[in-house]
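First the structure, in the form of structure tokens, and then the observations on it.
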Amino acid sequence: MLNLQGYGPSILQGTILTIELCLASLVIAMFLGIITALAKLSGSRPLNMAATAYTTVIRGIPDLVLMLLIFFGGQVLINQLGPMVGYEEYIDINPFVAGVSTIGFIFGAYMAETFRGAILAVPDGQLEAGYSYGMSRFQVFSRILLPQMVRHAIPGFGNNWLVLMKTTALVSIIGLNDMVRMAALAAGATRMPFTFYSVVAINYLILTSISILILNWLNNKYSAGIIKD
């Protein structure tokens, strides 16, 4: 059963690649998210407008359309810019790099709203109290803002992470050999689509279930001592 007509190892390799894609995309999404959230809260009109435009465009266009635009459009743009800097050879973007960049860029917009809401949820009075005690900006951020921000951000962060994980299934359309693509190849060769796509569904269910357990643990950890209504 686990051999899956000889395609079991390839499905496993695709699953590992999917996990790597998820984690790498999450790092980029978190980085872009916090930068965008801070830009929206900075008070600078140009930064606020740029951040708002980024989140509005990303959240208003389907992920599949964005992936196709960024992957194919980005490749065309890079090959047009190459001759301008003296590079004449054709540049073929690695599907893994393209997938990570695209998913990270897309979910950076969603993370931005999550982080912005979490920052705003921390009472200003607590930050002011920290400054009045002589704390530096870094100390106020690390000891007061960050711990409480994390607690408020976990629910939205968890939802974004689960959606990001499932969105990785779209990268199969740009040629990345993730578990969806490997299952599609196996299904085409064996004419057993239900079997292979069921395996993919179970794999995603296992990954999301493990993620939910970890997120619940984090939520309990950062909510310790908090009186719940």
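The values are calculated or read from the model by the stated rules, or taken from the named source; none is laboratory data. Here the structure is a predicted model, which means the values were calculated and not measured. Note: ideal-geometry Cβ built from the backbone for every residue, glycine included; neighbour counts use all protein chains shown. Calculation scope for accessible area: heavy atoms of the full protein, side chains included, ligands and nucleic acids excluded. Shrake-Rupley method; radii C 1.70, N 1.55, O 1.52, S 1.80 Å.
Below, the figures for the structure above:
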read-out: Qualifying residue in segment 93-113 (condition: polar (S, T, N, Q) and farther than 27 Å from residue 154 by Cα); value: yes
read-out: Selection count where residues are out of contact with any helix residue (DSSP H, G or I) (no Cβ under 7 Å at 6 or more places or on another chain) and at pLDDT below 90, scope segment 196-225; value: 4
read-out: Residues located in segment 111-146, provided they are open to solvent by 50 Å² or more (accessible area, probe 1.4 Å) and in contact (Cβ under 8 Å) with a residue 40 or more places away in the chain; value: 116, 120
read-out: Selection status of residue 82, surrounded by 18 or more Cβ atoms within 10 Å (Cβ to Cβ) and farther than 30 Å from residue 42 by Cβ; value: no
read-out: Residues of segment 185-200 that turn out to be surrounded by fewer than 16 Cβ atoms within 10 Å (Cβ to Cβ) and assigned to a helix (DSSP H, G or I), as a count; value: 7
read-out: Qualifying residue in segment 12-27 (condition: polar (S, T, N, Q), closer than 18 Å to residue 183 by Cβ, surrounded by 19 or more Cβ atoms within 10 Å (Cβ to Cβ) and at pLDDT 90 or above); value: yes
read-out: Only one of 72, 107, 96, 115 that is touching a Gly at 6+ places or on another chain (Cβ under 6 Å), of a type outside the set (A, V, I, L, M) and part of a helix (DSSP H, G or I); value: 115
read-out: Breaking point among (1) at pLDDT 90 or above; (2) touching a helix residue (DSSP H, G or I) at 6+ places or on another chain (Cβ under 7 Å), for residue 102; value: (1)
read-out: Subset of segment 85-110 [exposed (fewer than 12 other Cβ atoms within 10 Å of the Cβ) and either in contact (Cβ under 8 Å) with a residue 40 or more places away in the chain or closer than 27 Å to residue 50 by Cβ (or both)]; value: 85, 97
read-out: Residues satisfying the stated conditions in segment 32-69, i.e. outside any helix (DSSP H, G or I) and either among the small types (Gly, Ala, Ser) or surrounded by 12 or more Cβ atoms within 10 Å (Cβ to Cβ) (or both); value: 42, 43, 44, 61
read-out: Among the residues listed as 116, 59, the single one being of a type in the set (Lys, Arg), at pLDDT 85 or above and in contact with a Lys or Arg (Cβ under 7 Å, 6 or more places away or on another chain); value: 116
read-out: Qualifying position, being part of a helix (DSSP H, G or I), surrounded by 14 or more Cβ atoms within 10 Å (Cβ to Cβ) and more than 17 Å from the chain's Cα centre (by Cα), among 177, 216, 160, 203; value: 203
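For every residue, the table says whether it meets (1) among the hydroxyl-bearing types (Ser, Thr, Tyr); (2) over 26 Å from residue 68 (Cα atoms); (3) touching a residue at least 12 places away in the same chain (Cβ under 8 Å).
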residue: 170; (1), (2), (3): no, no, yes
residue: 182; (1), (2), (3): no, no, yes
residue: 188; (1), (2), (3): no, no, no
residue: 203; (1), (2), (3): no, no, yes
residue: 217; (1), (2), (3): no, yes, no
residue: 220; (1), (2), (3): no, yes, no
